[in-house]
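Q: Next up is a structure, given as structure tokens.
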Amino acid sequence: MKSGALKIAIIYVVAGVSWVALSDKVLDLLKARLDVSVILFIGSIKGVGYMIFTGFILYRLILHYNAKLDESEKQYRSYFEANPSPMWIYNKRTLNFTAVNNAAISKYGYTADEFMNMTILDIRPKSDVGKVHTVVKQLAGTYNDSGIWTHRKKDGTLIPVHITSHIITSLKEPHIMVMAAEVKKA
């Protein structure tokens, strides 16, 4: 988005400089053919014309860049939602789920709404609660391999999963994106 904003600013500056240079040149050429009062009137409204013209151009450019941003967001969201591995995002402070993908819903048996009313502790055996708090506090950097954990599905079935996570710091509060890969028993 920053490059889009820079492009819009450059276009605005180039258009402004061009408008000032060309409109003054045109007024100079018209001095010989028009009355001075008409030239003064045109000179006073040319700024308004510039504002209307550039306002329209800026509006169109912003719409264009917003559409590109929306498309990019949809594409990246689909990478999360359609990922074949169970994934979720949770708030590091509250441990509440803030997003889950379709694979997590399918694997664990909870609906998206049920997940949104749960914390990551709700899919763990009670014996792991203290360990979960310790590991979450110790998460550092962006990529974390937390090893094998036991998770509980909605029907009560316990499954072993390998947990990898990524700290998301671009939100107001730190969030953690998790991928849970079921470990197949040999």
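The values are calculated or read from the model by the stated rules, or taken from the named source; none is laboratory data. Predicted model, so just to flag it, every value in this text is computed and none were measured. FYI the Cβ positions are ideal-geometry reconstructions off the backbone, even for glycines, and counts take in every protein chain you see.
Q: Does LEU6 qualify as being modelled with pLDDT of 80 or more, loosely packed, with under 12 Cβ neighbours inside 10 Å, assigned by TED's automatic domain parsing to the domain that holds GLU73 and closer than 30 Å to GLU73 by Cβ?
A: Here the answer is yes, as LEU6 does meet what is asked.
Q: Just to be sure, is TYR59 hydroxyl-bearing (Ser, Thr, Tyr) and in contact (Cβ under 8 Å) with a residue 12 or more places away in the chain?
A: It is false that TYR59 is hydroxyl-bearing (Ser, Thr, Tyr) and in contact (Cβ under 8 Å) with a residue 12 or more places away in the chain.
Q: Let me ask another. Which one is surrounded by the most Cβ atoms within 10 Å (Cβ to Cβ) among residues in region 86-143 that are more than 11 Å from VAL178 (Cα to Cα) and of a type in the set (Gly, Ala, Ser)?
A: In this case the residue turns out to be ALA103.
Q: Check TYR79 against each of (1) of a type in the set (Phe, Trp, Tyr); (2) modelled with pLDDT under 95; (3) touching a strand residue (DSSP E or B) at 6+ places or on another chain (Cβ under 7 Å) and name the one condition it does not meet.
A: The number of the failed condition is (3).
Q: Provide a single number: the residues in region 52-67 that are closer than 12 Å to ILE8 by Cβ and either exposed (fewer than 12 other Cβ atoms within 10 Å of the Cβ) or touching an Asp or Glu at 6+ places or on another chain (Cβ under 8 Å) (or both).
A: Residues meeting the conditions: 3.
Q: Determine if region 146-162 includes at least one residue that is under 27 Å from the mean Cα position of the chain (by Cα) and either polar (S, T, N, Q) or exposed (fewer than 12 other Cβ atoms within 10 Å of the Cβ) (or both).
A: Yes, the conditions are met somewhere in region 146-162.
Q: Just to check your reading of the model, which residue among SER23, SER18, SER37 is surrounded by 12 or more Cβ atoms within 10 Å (Cβ to Cβ) and of a type in the set (Ser, Thr, Tyr)?
A: Only one candidate qualifies: SER23.
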